[in-house]
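Following: one structure in structure tokens, then a few remarks.
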Amino acid sequence: MRTIPVLLAIILASTAYAQQPTAINAFHYQVKKSVTASHGAVVSAHPLASQAGLQMLQQGGNAVDAAIATQLALAVVYPAAGNLGGGGFLVAHLKDGKDLAIDYREKAPSAASRNMYIDASGNANTKLSQDGHLASGVPGTVAGIFASLPYAKLTIQQLIAPAITLAEKGFAITEREANSLNATQEQFSKLNTQANAFVRKRPWKAGDTLVQKDLAATLKRISTNGRAGFYEGETAALIIAEMKRGKGLITEADLKAYEAKERPAVSFFYKDYRIVTMPLPSSGGVALQQMMGMVEKYPLAAWGFHSVSAMQLMIEAERRAYADRAQFLGDPDFVKVPVKQLTSAAYLRERMKDYNPRQAGSSKLTGAGTVYESDETTHLSVMDTEGNAVSVTTTLNGGYGSKVVVGGAGFFLNNEMDDFSVKPGVPNMYGLVGTEANAVAPGKRMLSSMTPTIVLKKDKPYIVAGTPGGSTIITSVFQTLLNILEFNLPTQQAVDAPKFHHQWLPDVVDVEEDFDETPLQGLRQMGYKVISRGAIGRTEVIKVNGKGQLEAVGDKRGDDSAAGY
Ligand code: DON
């Protein structure tokens, strides 16, 4: 008798925080670069995906709910990088104080082998690790979503609903998406044997509707059957059939065995701030800790933003961290990585001993340290009113991954195998080199640079940040954080300011085209080789401002868009 009023009270209480969700109009929407919100905010690479996340917050979901719904929507509206056929990392700081790191990185198929990309004459064939069926690792994204679900409040059916509608009914594509699809038509046609939603005779243009019926069906199978809706049954059968047609390696057993893993997050202090970020198999956390540790003792703020002194110090820290990355870092389930040593204060001091503030360092002279012991990815940031902060970077690796759409299932497969070191010293598509630690082995996770990060101030979420950009991810996060923590730039400027990047090899400083010439002259005079290049990163930041509001900022470099309420 008493259960009805009690139930009613519970329902009323749980809906008290919820509000009518803002409707998504998939054919009429706008990019919003910046939003100030008091309840919750989402920022991602696409306005419709950010809106899907916002809807979950408005329905009483938390930041994890919003992150899941945003990821699923990105798999539809941002096919170049949002994905079901790739992998990613989620870093969160939850309201109960728990730091969370979920690893859903792809794994090498069980039939993969050390020399699978080396031809008869001993040369590395990176074409095979970059395009087509052999380039794909076993996808992790759907397992990652289900590993995140226990921290969410809504059901998978609620979280996946916006993605299903966007796939089934279609959405208007942006100009950027149209250009990107047009630029890849030839490769799509070459690498696919089945019809798919992305290839058509007429060029794509802004405002065209992209309908993805096969993808909608896959999403519905996930909605009904959970992770088995992807790793088993019809979706798995379609992936295996695709592998057979293209001589790929992923088997039914590989799919069934795939597991996402919760790992202890990397956590360290930079001055009074606690930084929470991704551990191995991302190199990002270790390298960020190293770089921040190497620069912490220097008067960066006094030297000033983009001053020659500050830039040079940061470049030298980057050089040393990337040299260590190449030598030591790999999947911790397969190789022993001396993380403690590499991040200890004594080691980092020693690494900076040969830093000369008047002269360029040299990657020939600066190898990895000595330890004494046996374009396309996407990021989303979310904060909610309960005190949860979530940072997710997810990837297919290159734009549209392997460029292979799983016939009948409607999603692209990754080309993440190229993130392994296919042969010692041979650069991957981001120019990164590696050694044995990151060699291909069956079931191994390839080393990543993805660095989803959260900064805590007095143990409360202060900044959520992350970005795509291959090897430039770690240096982009490093610079964006220092832009706020040291150089005091307003959030939008901290995100949009031109960036520089050094990755040990090649021994050059990459800078974005709009970089101010003055400090570059100074660097050249010290002996640095400075090279101008296209955009570096697409950073999504949420920062808590002085009034306790959430400032969500999307990067100027893409269609990145913020939403909040
Ligand atoms: O995991 C990694 O480090 C790469 N697969 C990321 C690729 C990427 O960021 C491409 N984006 N532009």
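Structure summary
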{"quantity": "Ranking of Asp96, Asp418 by count of other Cβ atoms within 10 Å, fewest first", "calculated": "Asp96, Asp418"}
{"quantity": "Spin-label pair Lys556/Gln185, simplified geometry with 7 Å Cα→Cβ offset, distance in nm", "calculated": "3.2 nm"}
{"quantity": "Tensor-based shape of the stretch 494-533 (alpha-carbon gyration tensor, a/c under 1.5 rounded, otherwise prolate or oblate)", "calculated": "oblate"}
{"quantity": "Rh (Kirkwood; distinct C-alpha pairs) - the stretch 404-468, Å", "calculated": "14.7 Å"}
{"quantity": "Sum of -39500 (n - 2.57) over DSSP H runs of 4+, divided by residues of the chain (222 nm, nearest 500)", "calculated": "-10500 deg cm²/dmol"}
{"quantity": "Taking all pairs of distinct alpha-carbon atoms in the stretch 425-565, Kirkwood radius in angstrom", "calculated": "16.8 Å"}
{"quantity": "HN-Hα J in Hz across the stretch 269-284 - Karplus 6.51, -1.76, 1.60, θ = phi - 60°, x for Gly and Pro", "calculated": "9, 10, 6, 8, 9, 9, 9, 10, 8, 8, x, 4, x, 8, 7, x"}
{"quantity": "³J(HN,Hα), Karplus 6.51/-1.76/1.60, whole Hz, each residue of the stretch 288-304, x for Gly, Pro", "calculated": "5, 4, 4, 5, 5, x, 6, 9, 4, 7, 9, x, 4, 4, 5, 5, x"}
{"quantity": "Whole-Å semi-axes of the chain's equivalent ellipsoid (Cα gyration tensor)", "calculated": "35, 29, 22"}
{"quantity": "Relative exposure of Ile250, Ile531, Ile474, judged by other C-beta atoms within 10 Å (fewest first)", "calculated": "Ile531, Ile250, Ile474"}
{"quantity": "Span per principal axis, largest first, for the Cα atoms of the stretch 353-426 (Å)", "calculated": "55, 44, 34"}
{"quantity": "Residues Ala302 and Gln521, FRET efficiency given R0 of 25 Å [Cβ-Cβ distance, rounded to 0.05]", "calculated": "0.70"}
{"quantity": "Order of Asp333, Asp99, Asp131, Asp516 - criterion: other Cβ atoms within 10 Å of each residue's Cβ, fewest first", "calculated": "Asp516, Asp333, Asp99, Asp131"}
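Values in this text are rule-based calculations from the coordinates and carry no lab data. Remember, predicted model here, so these are calculated numbers, not experimental data. Backbone-built Cβ (ideal geometry, glycine too); neighbour counts: all protein chains shown.
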